[in-house]
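One structure is given here, and the rest of the page talks about it.
The values are calculated or read from the model by the stated rules, or taken from the named source; none is laboratory data. Predicted, not measured: the structure shown is a model, and the values here were computed from it. FYI the Cβ positions are ideal-geometry reconstructions off the backbone, even for glycines, and counts take in every protein chain you see. Accessible surface areas use protein heavy atoms only, side chains included; no ligands, DNA or RNA. Shrake-Rupley method; radii C 1.70, N 1.55, O 1.52, S 1.80 Å.
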Amino acid sequence: LALIDYQPEQYAGVGTVGHDELLAHVTMLGRVATAFELPVVLSTVYVKHGMSGTNKELLEALPGVPEIDRTTLNSWEDPDFRTAVESTGRKKLIIAGLWTEVCVAFPTLDALRVGYEVYVVIDAIGGVSKVAHDSAIQRMLQAGAVPVTVLGLACELQRDWGRPGADRLRAVMREYFGKLKAIKDK
């Protein structure tokens, strides 16, 4: 799982989904990754030059996961990011980030070109505008990316409620649905 640029400055630029809803989806994604022990590559942009790091809610959901700070707009072009992805030894890559049209689309397209099977977590991303977001989604899908939602991903990983450890996902889902209800009731 590659999580890219979940930083306050990036959230501020998102115009396609409300902050609270996006935060609920992203935090659940982090908790799902932790529950299923997915390898996580967490990246920020330009922190050493003044931008904020990853938002605290996502960091809390990913205990012990280090941030890889970069200056490249396309995280795939950063040697540390790419090495971290490659070192997992996996050929399926789940990507989420801010903004859809840059931080998600660019590495998705590059990873597809070099043979990765890429899943874009469609409800844990946001673009600067609806046109930018929608255009980027179309571009990634036409190139072969597979859209998935946070809940769909979680359930695909779980597959069977009778599996050992199912309580970990139940707990994550209770919290998630509670947050979504609170947002809806505002």
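The figures follow:
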{"quantity": "Hits in the range 5-14 (condition: more than 24 Å from Lys181 (Cα to Cα), in a loop (DSSP other than H, G, I, E, B) and either of a type in the set (Gly, Ala, Ser) or open to solvent by 20 Å² or more (accessible area, probe 1.4 Å) (or both))", "calculated": "Gly13"}
{"quantity": "Sole exception among (1) at pLDDT 95 or above; (2) open to solvent by 50 Å² or more (accessible area, probe 1.4 Å); (3) within 25 Å of Trp99 (Cβ to Cβ) for Gly152, by number", "calculated": "(2)"}
{"quantity": "Which listed residue, of Ala171, Ala182, is farther than 14 Å from Thr27 by Cα and in a helix (DSSP H, G or I)", "calculated": "Ala182"}
{"quantity": "Pair list, Cβ < 8 Å and 6+ apart or interchain, from the range 74-85 residues that are under 9 Å from Val41 (Cβ atoms) to residues that are open to solvent by less than 10 Å² (accessible area, probe 1.4 Å) and basic (Lys, Arg)", "calculated": "Phe81/Arg70"}
{"quantity": "Close pairs (7 angstrom Cβ cut-off, 6 or more residues apart or separate chains): closer than 25 Å to Gly89 by Cα and part of a loop (DSSP other than H, G, I, E, B) in the range 15-40, open to solvent by 40 Å² or more (accessible area, probe 1.4 Å) and aliphatic (A, V, I, L, M) anywhere", "calculated": "Phe36/Leu157"}
{"quantity": "The range 155-168: number of residues that are assigned to a loop (DSSP other than H, G, I, E, B) and open to solvent by 50 Å² or more (accessible area, probe 1.4 Å)", "calculated": "6"}
{"quantity": "Those residues of the range 27-58 which are open to solvent by less than 10 Å² (accessible area, probe 1.4 Å), in contact with a helix residue (DSSP H, G or I) (Cβ under 7 Å, 6 or more places away or on another chain) and within 25 Å of Pro164 (Cα to Cα), in sequence order", "calculated": "Thr27, Met28, Leu29, Gly30, Val32"}
{"quantity": "Count of residues meeting criterion [without any contact (Cβ under 8 Å) to a residue 40 or more places away in the chain and in a helix (DSSP H, G or I)] in the range 112-131", "calculated": "4"}
{"quantity": "Those residues of the range 89-115 which are under 14 Å from Ser43 (Cβ atoms) and among the polar types (S, T, N, Q), in sequence order", "calculated": "Thr108"}
{"quantity": "So Ser52, is it among the small types (Gly, Ala, Ser) and not in a loop (DSSP other than H, G, I, E, B)", "calculated": "no"}
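Residue-by-condition table, conditions (1) part of a helix (DSSP H, G or I); (2) open to solvent by less than 70 Å² (accessible area, probe 1.4 Å):
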| residue | (1), (2) |
| --- | --- |
| Arg82 | yes, no |
| Gly97 | no, yes |
| Pro107 | yes, yes |
| Asp110 | yes, yes |
| Gln138 | yes, no |
